[in-house]
Amino acid sequence: MVDYGKLAAEAKAMQDTANLASPRDERLEADPKVFFQRVTAQIGEEMNRANAELRKRGVGAIARNHLGGFEGVVFLTFGIGLLCKVELACDGRGDRIRAIISGPPSGLETARKEFPIGEEPLGFGRPRAEGAGLLNTGYSPEEIAQDIISGIVIGKFD
């Protein structure tokens, strides 16, 4: 019988050693697409936590929809009329994660929030992340996911 606990501990030790021994690929760390992938993963985790609570209270769940032709865009629905589109926007105004809620009664945009990547959001005096090449949005992927999921539940962003 294989002791997976022991194997996992060994694997963890090897990963930790590899991470300390070799310098991180700064290009990869500074890539907005990598940051967006982390946010996307956190959105899934936060959505699961929210859905557990919503189901307890007899409210419909948040669902993620995959639409062909929209690679790199996350579509979340809540109920039958609310849609949230989350995407990475890279243009002359800088890189940012944009969340747009569309919903009843007209299906038009009802709320929008942008999370800048690589700069401090206005009004936040948070310290920058240490280390060369690391992205700092002023928000962690967890905070962005929480903000997006809670915005979907209430139908607007703060």
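Read-outs throughout are calculated quantities, based only on the coordinates presented, and are distinct from any laboratory measurement. The shown structure was predicted, so the numbers you read here are calculated from the model rather than taken from an experiment. Neighbour counts are summed over all protein chains in view; Cβ atoms, including those assigned to glycine, are modelled from backbone coordinates with ideal geometry.
Things to note:
- Each peptide in 52-63, 96-107, 68-79 was scored by the mean count of other Cβ atoms within 10 Å over its residues; highest first, the order is 96-107, 68-79, 52-63.
- Listed cross-link partners LYS12/LYS156; LYS33/LYS113; LYS12/LYS113 are compared with a 30 Å cut-off, the Cα-Cα value being larger for LYS12/LYS156; LYS12/LYS113.
- Charge tally for PHE75 (other residues, Cβ to Cβ under 9 Å; Lys, Arg +1; Asp, Glu -1): +2.
- Subtracting the Cα-Cα distance of ARG38 and ALA63 from 0.36 nm times their residue separation leaves 7.1 nm of extension gain.
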